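The values are calculated or read from the model by the stated rules, or taken from the named source; none is laboratory data. Keep in mind that this is a model prediction, so the values were computed, not measured. As a convention, Cβ positions derive from the backbone with ideal geometry for all residues, glycine included, and neighbour counts pool all protein chains shown.
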Amino acid sequence: MIVNGRYRPQEEFPEEEKAEGWEGLDSVVKGIEACGVRGLAVTADITDSQQVQEMVDKALAEFGHIDYLVANAGIGMACPFLEIKDEDWHRTISVNLTGVFYCCQTVAKHMVKRAVGGAIVNVSSRAGKMGIENCGAYCVSKFGVNALTQVMAIELGPYRIRVNAVCPGRTVTNLTSGYADEVLKLSKEKGVDYIEAAKEMHKDYAAFTPLRRPGLPEEIANAIVFLCSDEASFINGQCLNVDGGRLTAH
């Protein structure tokens, strides 16, 4: 399994990550290999098509072929529409949409040439299906991911390449307000489990979600694994909500 990320010097890691002994991509690889699977970390900027091509070339050199792609890189920013700066707009579109395009196209070319099919899962968002206040650039980027997913599914389907997306709602990660480490801290302080702490930290969102809580990273991962698996062999071109019912209740 190959994993990609940006290079960050360890001195730039948050104190909580340092305390846990976090080593960036190296820690991810160690976790993969602990499961008995070979792992490889490749640092690449997905907004640079040449770096994406080099990343894919390294994957092919090491493993010989690519069966699945999960396009998960993303950034988020909150800003009123009238105050969005040029650089923030272009950066959001570049990472969240153009980067997905580069990764998907480069891998899809290999899959088509290999002629044995494959599966691609793009990580979109609830914000890719509904406008959200102060999230103009982010919403546009994720609406674009959903459109790209559907077009790819139509064009790549004849090659037995399935393309789907997951659309998470609020999820407890360090990309959202109420960071994962803050939830863990609250859990310890109040002597409650992680879910209860997450409910408290994200009570503004939970109130509008039928399951009354935010999602967990592993719940998003489970949906991705399913869409990559043979159990999803006839699912193509879908943008699957993984949001606790939030979009349904809107």
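Values as computed for the structure displayed
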quantity	calculated
Count of residues meeting criterion [outside any strand (DSSP E or B) and among the hydrophobic types (A, V, I, L, M, F, W, C)] in segment 150-174	6
Residue match in segment 93-113 (condition: farther than 25 Å from residue 173 by Cα, of a type outside the set (Ser, Thr, Tyr) and crowded, with 21+ Cβ neighbours inside 10 Å)	yes
Filtered residues of segment 205-250 (kept if within 18 Å of residue 172 (Cα to Cα), within 18 Å of the chain's Cα centre (by Cα) and in contact (Cβ under 8 Å) with a residue 12 or more places away in the chain)	214, 215, 216, 217, 219, 220, 223, 224, 241, 242, 243, 244
Unique match (being in a loop (DSSP other than H, G, I, E, B) and aliphatic (A, V, I, L, M)) among 32, 75	75
Residue 54 without any contact (Cβ under 8 Å) to a residue 24 or more places away in the chain, over 24 Å from residue 143 (Cβ atoms) and of a type in the set (Asp, Glu)	yes
Subset of segment 35-70 (residues that are among the small types (Gly, Ala, Ser) and assigned to a helix (DSSP H, G or I))	49, 59, 61
Unmet criterion (only one of (1) without any contact (Cβ under 8 Å) to a residue 12 or more places away in the chain; (2) farther than 30 Å from residue 232 by Cα; (3) assigned to a loop (DSSP other than H, G, I, E, B)) for residue 131	(2)
Some residue of segment 99-114 being of a type in the set (S, T, N, Q) and either more than 26 Å from residue 42 (Cα to Cα) or under 16 Å from the mean Cα position of the chain (by Cα) (or both)	no
Residue list for segment 163-182, restricted to those being over 21 Å from residue 96 (Cα atoms) and either touching a strand residue (DSSP E or B) at 6+ places or on another chain (Cβ under 6 Å) or at pLDDT 65 or above (or both)	182
Residues being hydroxyl-bearing (Ser, Thr, Tyr) and under 13 Å from residue 210 (Cβ atoms) - total across segment 220-250	1
Test result for residue 70, within 27 Å of residue 171 (Cβ to Cβ), of a type in the set (Val, Ile, Thr), surrounded by 15 or more Cβ atoms within 10 Å (Cβ to Cβ) and touching a strand residue (DSSP E or B) at 6+ places or on another chain (Cβ under 7 Å)	yes
Residue within segment 190-206 that is in contact with a strand residue (DSSP E or B) (Cβ under 8 Å, 6 or more places away or on another chain) and at pLDDT 70 or above present	no
